[in-house]
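These notes are about the structure you will find just below.
The values are calculated or read from the model by the stated rules, or taken from the named source; none is laboratory data. Keep in mind that this is a model prediction, so the values were computed, not measured. Don't worry about glycine lacking a Cβ; one is built from the backbone with ideal geometry, like all the others, and counts go over all protein chains shown. Please note that ligands, DNA and RNA were not included when accessible areas were found on the heavy atoms of the full protein model with its side chains. Shrake-Rupley method; radii C 1.70, N 1.55, O 1.52, S 1.80 Å.
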Amino acid sequence: MDSYPTGIQAYIEKGRQIMKRDQNQRSIMRRKKFDTISVHGLYDMQTALANQGSIIEPAFLATAQHFDNSDHMEAALAYLMPAWIYARVANPTLHYLEETLALLEGYGFDGEVTAHLTGSGMASVFLGTNSFLMDDPVHLKPNIVASARCYGGTFTLFTRYAKERGVDLRWVRDPLNLQEWANKIDDETRFVFGEMPANPSLAVIDLEAVAGLAHAVNAPFIVDSTIATPALMRPLLHGADIVIHSVSKSMATSGFVIAGALISRANIPSKVGPDEMRQNYANYIKGYAHRDMGPTLSPFSALMTLNDLRTLRSRTDTSSQAAMKVAQYLGTNSAVESVQYPGLPSFPGYETAARYMKLVDASGNESARFGYLLSFTVRGGTDATRQAFDRLQMIWRATDLGRVKSVATIPMISTHQQISGSDKDIAGLLPNLIRLSVGLEHPDDIIADLDQALT
Ligand SMILES: Cc1ncc(COP(=O)(O)O)c(C=O)c1O
């Protein structure tokens, strides 16, 4: 670094000052409560004054950054100083959102946390896993171990890894069964993947135990925590190395944004790849894989997400309480065969859910919250299920979740339709399963709509 000419050295020094200021601001914000972080992130008064005093993070819609001179340009493009360069690579509005997400996901975690945004949740599942499958002269026969209880897109992506690259794909059918994880993880496992709670089964995982199994073979434990959000669960506190979010869901609850995030702790385990990748996975992806593949989020979407994120905790509290009421009501309806909701004591894995999912910054009964998503099976088979679904008057029929508005779907014919016949069995899908994402309407009105549809 010291061999750079004087002009570049000045920019490297300037970069150090910027990073020092950001680090200082990060440590100030890490001492604040979750709601305060959601509202402010890293955007403070001094940053605002450098942005015309704007009290809200500005949307930087320009595609590219102007440089002082060639030294500045060279230092920036050699990643020797913080810069955003070109909006496919980075962008200041995305940076504000990334810092907020890193602070929220790292809330209570004792260590560095970095976030990287992508143009969709699937892009984050891809970039969060793909690099671990690189060719390696020592580890010639890669396998991946993943919970089969996961979002349909993730299921088909991993199936693609197996078909197109010969990766040995080992599905864990019952993610609560630790012996099943232990039997499938071995010295050639490149990563271990779980989704908690899972879409649409709501299946849960003993995160600490599975993290221990992954780490014993030097493999990262990657957790898709979309449904919980950091308001209910922060997997980094329980041994996860990388957390994935479909930001498109309750983080951007208004329903205007498709976005994803991958969030990593420092120094993750991996038997393949350069040290730089292990040291800071999110930054490594930003600087290399994402830059080359280009699944970039629009700054406008980042701004809308920042806006929705400010109320994440209180919304999660309200929608969790409503979902609990709806789940309890469904349990009493004779047209309903079974209800899957992690907050019901009858749910397999209730104790595990109660151990890991708690409303942040709450205590006692106030902290017992289990999220807005539930699913239920309808008596009478496929026809009865579709008839009940078609009778909904207020709850939207759509392949969506995490909205301010309640939304229902039949996963077998929508989100998970692309999973092939025999794999549907592995994924545990049922044709009479309805997934319900409880919104912010009054729970009495949601229940009334379900009641008329199921009667
Ligand atoms: C748990 C989970 N992960 C990932 C995704 C993919 O996210 P996106 O739709 O933003 O690509 C989804 C989408 O439904 C999801 O539910």
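Structure notes:
- Residues located in segment 1-49, provided they are exposed (fewer than 11 other Cβ atoms within 10 Å of the Cβ), at pLDDT below 95 and part of a loop (DSSP other than H, G, I, E, B): MET1, ASP2, SER3, PRO5
- Only one of HIS72, HIS95 that is out of contact with any helix residue (DSSP H, G or I) (no Cβ under 6 Å at 6 or more places or on another chain), modelled with pLDDT of 95 or more and either assigned to a helix (DSSP H, G or I) or of a type in the set (Gly, Ala, Ser) (or both): HIS95
- Residues (assigned to a helix (DSSP H, G or I), surrounded by fewer than 18 Cβ atoms within 10 Å (Cβ to Cβ) and touching a residue at least 60 places away in the same chain (Cβ under 8 Å)) located in segment 322-341: LYS325
- Residue check, ALA408 at negative phi, within 15 Å of the ligand (Cβ to nearest atom), under 27 Å from the mean Cα position of the chain (by Cα) and open to solvent by less than 10 Å² (accessible area, probe 1.4 Å): yes
- Selection within segment 235-275 - open to solvent by 10 Å² or more (accessible area, probe 1.4 Å), touching a strand residue (DSSP E or B) at 6+ places or on another chain (Cβ under 8 Å) and not polar (S, T, N, Q): GLY239, ARG265, ALA266, LYS271
- Failed item, numbered, when ALA353 is tested on (1) in contact (Cβ under 8 Å) with a residue 40 or more places away in the chain; (2) open to solvent by 10 Å² or more (accessible area, probe 1.4 Å); (3) touching a Pro at 6+ places or on another chain (Cβ under 9 Å): (2)
- Residue, nearest to the ligand (Cβ to nearest atom), within segment 143-169, restricted to residues that are within 13 Å of LYS424 (Cβ to Cβ) and part of a helix (DSSP H, G or I): GLY152
- Identity of the residue in segment 204-218, in a loop (DSSP other than H, G, I, E, B) and closer than 21 Å to GLU105 by Cα, that ends up most open to solvent (accessible area, probe 1.4 Å): ASP206
- Within segment 296-321, the set of residues being within 25 Å of ARG234 (Cβ to Cβ) and in a loop (DSSP other than H, G, I, E, B) comprises LEU297, ARG310, THR311.
- Residue in segment 351-368 that is in contact with a Phe, Trp or Tyr (Cβ under 9 Å, 6 or more places away or on another chain) and assigned to a helix (DSSP H, G or I) present: yes
- Evaluated against (1) surrounded by 15 or more Cβ atoms within 10 Å (Cβ to Cβ); (2) of a type in the set (Gly, Ala, Ser); (3) farther than 18 Å from VAL204 by Cβ; (4) in contact (Cβ under 8 Å) with a residue 40 or more places away in the chain, GLY380 falls short on exactly one condition, (1).
- Residues in segment 383-405 that are crowded, with 21+ Cβ neighbours inside 10 Å, more than 16 Å from the ligand (Cβ to nearest atom) and part of a loop (DSSP other than H, G, I, E, B): ILE395 only.
- Count - residues of segment 105-129 that are in a loop (DSSP other than H, G, I, E, B) and either more than 10 Å from the ligand (Cβ to nearest atom) or not hydroxyl-bearing (Ser, Thr, Tyr) (or both): 8
The rows are residues; the columns are (1) at pLDDT 95 or above; (2) under 22 Å from ASN283 (Cα atoms); (3) within 12 Å of the ligand (Cβ to nearest atom); (4) touching a Lys or Arg at 6+ places or on another chain (Cβ under 9 Å).
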| position | (1), (2), (3), (4) |
| --- | --- |
| ALA209 | yes, no, no, no |
| THR229 | yes, yes, yes, yes |
| LEU237 | yes, yes, no, no |
| VAL243 | yes, yes, yes, yes |
| LYS249 | yes, no, yes, yes |
| GLY260 | yes, yes, yes, no |
| ILE263 | yes, yes, no, no |
| ASN267 | yes, yes, no, yes |
